[in-house]
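Undergrad: I'd like to ask you about the structure that follows.
The values are calculated or read from the model by the stated rules, or taken from the named source; none is laboratory data. Bear in mind the structure is a predicted one, so any value in this text is a computation, not a measurement. Heads up, the Cβs are rebuilt from the backbone with ideal geometry, glycines too, and the neighbour counts pull from every protein chain shown.
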Amino acid sequence: MFSSSAKIVKPNGEKPDEFESGISQEIEVGGGRKAIIIFVPVPQLKSFQKIQVRLVRELEKKFSGKHVVFIAQRRILPKPTRKSRTKNKQKRPRSRTLTAVHDAILEDLVFPSEIVGKRIRVKLDGSRLIKVHLDRAQQNNVEHKVETFSGVYKKLTGKDVNFEFPEFQL
């Protein structure tokens, strides 16, 4: 696991605080490669996505050989139980559920491309494999990062995912 505090240089040799070190993570993905995940506040995600292609290109040049991924910093609220009824006066919004957050992470992960289909394959031993179909229009831009996407998603959510670029026929 990468300690982002090693990359942050502050004046007078100060240590970065918890906020600064929580902005990014470096993780190991398959094949000895590393990926850098940069967490962005949800309100600023749209503005980051407007410049994301250029920003990723520049950051990948700077960090030579590491893939860079932008993901929104989202919160998962626990499922309300009967015991927690007094504490939570408000209903839990759909955007804070585990499923919604994991789906949104998947959308952020493959950003320049769009998800056009999703299948969940349950194997005989009970394990699940998510097959995600990406848009062929962005295949040239995204295809070399597919293994990185799988590794990052597995690290963040614990779910196995497989990315494909299918040809749809009508």
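Undergrad: Restricting attention to segment 37-64, which residues are touching a residue at least 60 places away in the same chain (Cβ under 8 Å) and outside any helix (DSSP H, G or I)? Walk me through how you get there before you give the answer.
TA: First pass over segment 37-64, keeping only residues touching a residue at least 60 places away in the same chain (Cβ under 8 Å): 37, 45, 49, 52-53.
If the condition is that a residue be touching a residue at least 60 places away in the same chain (Cβ under 8 Å) and outside any helix (DSSP H, G or I), then Ile37 is the only one that fits.
Undergrad: May I pose another question? Take the residues of segment 89-100 that are polar (S, T, N, Q) and either surrounded by 15 or more Cβ atoms within 10 Å (Cβ to Cβ) or not in a helix (DSSP H, G or I) (or both): which is modelled with the lowest pLDDT? Please lay out each step first, then the result.
TA: To start, the set of residues in segment 89-100 that are polar (S, T, N, Q) comprises 90, 95, 97, 99.
Filter once more, so that each one left must be either surrounded by 15 or more Cβ atoms within 10 Å (Cβ to Cβ) or not in a helix (DSSP H, G or I) (or both): 90, 97.
Numbers: Gln90: 82, Thr97: 94.
The qualifying residue modelled with the lowest pLDDT is Gln90.
Undergrad: Right, another one. Take the residues of segment 34-55 that are of a type in the set (D, E, K, R) and exposed (fewer than 11 other Cβ atoms within 10 Å of the Cβ): which is nearest to Val146 (Cα to Cα)?
TA: Of segment 34-55, the ones of a type in the set (D, E, K, R) are 34, 46, 50, 54.
So of that shortlist, the ones also exposed (fewer than 11 other Cβ atoms within 10 Å of the Cβ) come out as 46, 50, 54.
Values: Lys46: 22, Lys50: 21, Arg54: 19 Å.
Step by step, filter segment 34-55, then rank; the result is Arg54.
Undergrad: Now a separate question. So Glu58 passes all but one of these: (1) surrounded by fewer than 16 Cβ atoms within 10 Å (Cβ to Cβ); (2) closer than 17 Å to Glu114 by Cβ. Which condition number does it fail?
TA: That leaves (2) as the condition not met.
Undergrad: Please go through segment 48-96 and give me each residue that is hydroxyl-bearing (Ser, Thr, Tyr) and under 16 Å from the mean Cα position of the chain (by Cα), ordered by number.
TA: Filtering segment 48-96 down to residues hydroxyl-bearing (Ser, Thr, Tyr) leaves 64, 81, 84, 86, 95.
Scanning segment 48-96 gives a single hit, Ser95.
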